[in-house]
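Working notes, beginning with the structure itself.
No lab work stands behind these numbers, since they all come straight from the coordinates. What you see is a predicted model; the values in this text were computed from it and never measured. Cβ sites come from the backbone with ideal geometry, for glycine too, and all protein chains shown count toward neighbours.
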């Protein structure tokens with residue numbers, strides 16, 4: 001995406017090709033738009049590095065008074081901030097934004113979030129609990145060792161913002177022969 005600096009009337013700013021002579025014959029100093037690209041690049045890199053809001057993964061190079069931003073960020077607002085930081089730098093006429101967003105792993109499903117909550121609860125042995133969520137209804141099946149664990153599993157499931165109804169079908173198995181492992 002390219003951004004162009006505009007004057008107060010909304011028209012694109014144009015860089016003068018050279019410093020124009022004054023009526024008395026002296027040369028008018030070069031405007032900021034006539035600064036060499038290397039100088040603008042150096043200044044832009046310094047400003048980005050000093051920014052607390054733009055990640056250090058963003059890089060800038062200037063070519064023909066166009067600041068070209070590249071790198072990767074986590075969030076789109078970080079790309080927008082990088083553009084805002086460099087677009088007003090003296091000598092930058094345009095900003096070309098080539099920053100990509102980092103791929104994020106897909107978030108857990110509601111059932112996975114409930115299973116994690118059950119596994120984190122030290123009062124529950126969640127190794128034999130199966131969670132199925134349909135819509136906003138959670139169905140707990142499998143077995144636990146006590147009525148207390150069954151109740152705790154229901155409470156932990158109810159704490160999930162994905163669940164509005166719970167069907168607690170957990171069986172209580174008080175006496176186990178051998179290990180507490182399922183024979184599925």
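With Cα atoms defining each centre, region 112-181 and region 69-101 are spaced 48 Å apart in the structure.
Inter-label distance, residue 49 to residue 145: 5.9 nm, where each label sits 7 Å from its Cα along the C-beta direction. Our summary of shape: the Cα atoms of region 91-176 have principal axis extents of 78, 24, 15 Å, ordered from largest down, in whole angstrom. Given their separation in residues at 0.36 nm each and the Cα-Cα distance between them, residue 123 and residue 80 gain 10.8 nm when the chain is fully extended.
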